[in-house]
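Values quoted throughout were computed directly from the atomic coordinates according to the rules given, and no laboratory measurement underlies them. Not measured: the values here are computed from a predicted model. So basically every Cβ, Gly included, is an ideal-geometry build from the backbone, and we count neighbours across all protein chains shown.
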Amino acid sequence: PRPLPFLVANLKFNLVILLPWMLINLLADLLALSEFTAVRRLLASPWGEPLLILAFFLLLLLIFPLLATRLWGCTPLPDTPLRRRLEEFCRRQGVKFRDIMLWPLFEGRLLTAGVMGLTGRFRHLLITPALIKALTVEELEAVVAHEIGHVKHHHLPLYLLFFLGFGLFANLASTPFLVLLLDSALLETLVLLSGKSPLTIIGLLGTVALVLLIVLYFRFLFGFFMRNFERQADLYALATVGDAGPLVRVFEKIAWLGGKIRDLPSWHHFSIGQRIDFLEASQRAPRLASRHHRKVRLALILFLLLLSTTAALLWRLPPELSEERAHGRLVESIIMEKIRTEPDNPAWLRYLGDLYYLRGQHREAVRAYEHALGLDRDQPDILNNLAWLLLTTDDLALFNPERALPLAQRAMRLLPEPHIIDTLATAWWLLGERDQAVALAEKALAGNPRERQYYQEQLHKFRYQPPPGPSGKRRTES
């Protein structure tokens, strides 16, 4: 083929494949920017975004044949005796097509046919001009019977299911993969050896893992079903035509015109030689067809069981493999890398202490805060966070209002904000100095804090409640 037209044909063919994913990504970005409350609420739910994208994907599948036939430059097969015979053949099989079209794939030189569309209203039968020229009418009917076999066996919706299944498997694998990677020494070793950031290493390993998953899933699982679906379609053509001869002749012509490809193996089709052998064997022994259909049904049942198990696992991931834990470990890894590259910056140690606090790892949080204060004693938020931890922890070995008091006093001198004043008030209250606590709580309220109700509750507590033992939970800063 000529280089430029061949390149253009390649681009058109692949654009049709990429277009749905480009549109789905565009939809996801638009949904993320949406101002509608209902959309935001739906997106915030665990299955919100996948369900919206699935609905869009199904809609896209309905209109996809119209887009594809226009991009590929398909034209209706002219109203000739051949078209009328093929239309009558389809009617006898009870299958509707919106149109039978000439498919100028690679300048019309490719010997192939195909069916697109989930329903009769949107379904198109595509045949390349080269195939029409190479075959007799009886042979073309055998090809059309093969394509009708895909429709009769519901292969197109099943292919959709396999693509959705890949999304489920990828989602299930991604979070545990990230958690296990972050919990292992491999990430730290690769960061030290390469000098790259954890995010870069995780991105690289994640890409490698995704490519490996794609190869394994589509090469073996999807490829298994594709090969056997093609065989089912061949068997439908055999049953419809009543003789393997026409389809065998089609295969032999394709093999001859294609240039010694009769025994060429393929991951998505049995070789032409294998397909011919199976057709002829099935004509001699019809039980082979029944056996093959049972094999496909059993494989589909096993796949559906695997798919439902995956969905259940994704819905009920154990806490140690949850997305929340993965994100937490990722944040910790990034902070630790920042601490290594900026050892004199107390802010990263403060963030590490905050992360440990939120996880309930109070002893580790104390060590991080103390390390940060060792670098700079005049960090009011770090002083305040350490004081608040010492006042509210459930760990009796850490609960220490006496130590928290000077920390909170120093923080207030540096930054007299309501949340810091409240920490100092809490320290005085726990030490039995009610009047000091009430005065400070009133001062915090006078600062017009955002969480006004919280500060009013604090004032009421300091006035009327005796101080408890070590308890309490961290609040958000104002």
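The Kirkwood radius of region 122-223, taken over pairs of alpha-carbon atoms, gives through the Stokes-Einstein law at 25 °C and 0.890 mPa s a diffusion coefficient of 139 µm² s⁻¹. Under the rule a/c < 1.5 gives rounded, and otherwise a/b versus b/c splits prolate from oblate, where does region 372-440 land using the Cα gyration tensor? Oblate. Normalised by residue count, region 155-316 yields a Cα convex hull volume of 148 Å³ per residue. Counting only lysines at least 8 places from LYS196 when in the same chain, those with an alpha carbon closer than 17 Å to its own are LYS338. Rounded to the nearest 0.05, what FRET efficiency do GLU138 and ASN171 give with R0 = 51 Å and r taken as the Cβ-Cβ distance? Could you check? So the FRET efficiency works out to roughly 0.60.
For ASP435, ASP378, the sequence from fewest to most other C-beta atoms within 10 Å is ASP435, ASP378. Straight-line cross-link partners of LYS96 among the lysines, defined as a Cα under 16 Å from its Cα and at least 8 positions apart when in the same chain: LYS152. Gain on full extension, evaluated as 0.36 nm per residue between LEU298 and ASP378 minus their Cα-Cα distance, stands at 21.9 nm. Taken one residue at a time, the phi angles of region 277-284 give Karplus couplings (6.51, -1.76, 1.60, θ = phi - 60°) of 4, 5, 4, 5, 5, 5, 5, 6 Hz. Gly and Pro are set to x.
One chain, two ends: TYR464 and ALA312. Fully extended at 0.36 nm per residue, the span grows by 49.7 nm beyond their Cα-Cα distance. For the peptides 366-376, 177-187, the ranking by mean Cβ contacts within 10 Å, running from highest to lowest, is 366-376, 177-187.
Between LEU205 and LEU54, how high is the FRET efficiency from 1/(1 + (r/R0)^6) when r is the Cβ-Cβ distance and R₀ = 35 Å? Nearest 0.05.
Given R0 = 35 Å and the Cβ-Cβ separation, E is 0.75.
For LEU111, no residue 5 or more places off, or on another chain, has a built amide H under 5 Å of its own.
Computed from point charges on the beta carbon alone (+1 for Lys and Arg, -1 for Asp and Glu), the dipole magnitude for region 155-316 about its Cα centre is near 460 Debye. Our coupling estimate for region 233-246, obtained by passing each phi through the Karplus curve with A = 6.51, B = -1.76, C = 1.60 and θ = phi - 60°, is 5, 4, 5, 5, 4, 4, 5, 6, 6, x, 7, 6, x, x Hz, Gly and Pro reported as x. Each 10 Å bin from zero holds the following percent of Cα-Cα pairs in the chain: 4, 14, 19, 17, 13, 10, 8, 8, 6, 2, 0.
For region 342-464, how big is the tail of P(r) above 21 Å, as a whole percent of Cα pairs? The answer is 38 percent, as a whole percent. Dividing the Cα radius of gyration of region 229-298 by its Kirkwood radius returns 0.97 for Rg/Rh. Computed from the C-beta positions of GLN456 and ALA38 and an R0 of 30 Å, the FRET efficiency is 0.35 to the nearest 0.05. When THR37, THR341 are arranged by Cβ crowding within 10 Å, least crowded first, meaning fewest neighbours, the order is THR37, THR341.
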